[in-house]
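Taking it in order: structure first as structure tokens, then the write-up.
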Amino acid sequence: MMELRVFADAATLAEQAAALIASRIEDGATTLGLAGGNTPKATYEQLRHQDIPWDRVVAWLPDERWVPPGHPDRNATMASAALFDHVPATLLEVPWVDGAKHAALLYEETLRESLPSEHGQLRPDLVLLGLGDDGHTASLFPDTAAVDVRERLFVANWVVAKNAWRLTATLPLLWAARTIVFLVSGVGKALALSQVLQGGTLAPAARTMDGAAEVVWMVDRDAARLL
Ligand code: 6PG
């Protein structure tokens with residue numbers, strides 16, 4: 001099932017996304033996949049004001065940049081500053097070891113031990129994702145190897161466009177989610193959003209809708225201007 005919610009501006013989007021996340025945790029979600037990049041920061045800051053039993057929540061990263069812990073480019077660094085340094089939740093960081101591929105293997109094992117499962121398959125309950133202007137999501141960039149991986153849940157992915165290693169959930173892990181919530185803001189995302197939602201693209205963000213039981217697109221009016 002896919003749902004689109006359009007909000008007047010980025011601030012309202014952040015408030016409403018925080019309210020949705022809080023309500024899903026109140027309804028029993030115990031794990032939260034954290035979108036990276038800049039857009040979700042306002043939502044994470046809003047979550048500080050929500051009445052959430054954070055000691056029951058385990059947060060994880062559907063993708064991470066291959067830089068050391070504490071590096072300003074790390075998604076965990078952004079999420080910690082915005083929220084997780086301020087609440088008693090568990091944040092599962094991607095380990096910094098001797099190579100991105102080894103780190104991805106270790107993190108995949110951590111996810112297998114930490115995320116809910118059903119009939120022996122991981123079932124992440126709530127995953128937040130962003131949308132890149134090229135249609136990427138997590139670190140599943142168009143025409144990169146990780147997009148076609150089916151036998152792994154979390155891998156290292158060489159991204160030519162970034163000239164860098166990224167670590168990312170694969171489509172099978174995103175497809176296993178009960179709910180995916182996309183957070184999309186700004187006119188720069190309008191074309192990508194219209195292509196993803198109105199068909200006609202095989203961009204990775206569009207592919208996520210091939211599996212997850214529920215996909216909620218929470219967007220602001222600027223991002224929705226071409227819909
Ligand atoms: C990352 C993200 C990535 C992000 C999009 C949108 O590590 O950068 O996980 O998928 O969600 O690139 O980023 P912005 O919100 O900064 O536009």
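None of the figures in this text is laboratory data; all of them are computed from the coordinates on show. Since the model is a prediction, treat every value here as computed from it, not as a measurement. Reconstructed Cβ throughout: ideal geometry from the backbone, glycine too, with neighbour counts over all protein chains shown.
General remarks:
- Under 5 Å, built H, 5+ apart or other chain: amide partners of Asp222: Gly186
- Cα-Cα P(r), the chain, percent of pairs per 5 Å interval: 1, 7, 15, 21, 22, 18, 11, 4, 0, 0
- Bridge type composition, segment 2-215 - antiparallel percent by DSSP, nearest 5: 45
- Label reach from Leu106 (point 7 Å along Cα→C-beta): in segment 72-97, amide nitrogens under 18 Å belong to 74-77, 91-97.
- Gain on full stretching of the segment that runs from Leu226 to Glu118 - 0.36 nm per residue minus C-alpha separation: 35.0 nm
- Backbone phi angles across segment 130-145, fed through the Karplus curve with coefficients 6.51, -1.76 and 1.60 (θ = phi - 60°), yield HN-Hα couplings of x, 10, x, 6, 9, x, 6, 8, 6, 10, 8, 8, x, 6, 10, 4 Hz in residue order; Gly and Pro are listed as x.
- When +1 charges are put on Lys and Arg Cβ atoms and -1 charges on Asp and Glu Cβ atoms, the dipole computed for segment 2-215 relative to its Cα centre reaches about 280 debye.
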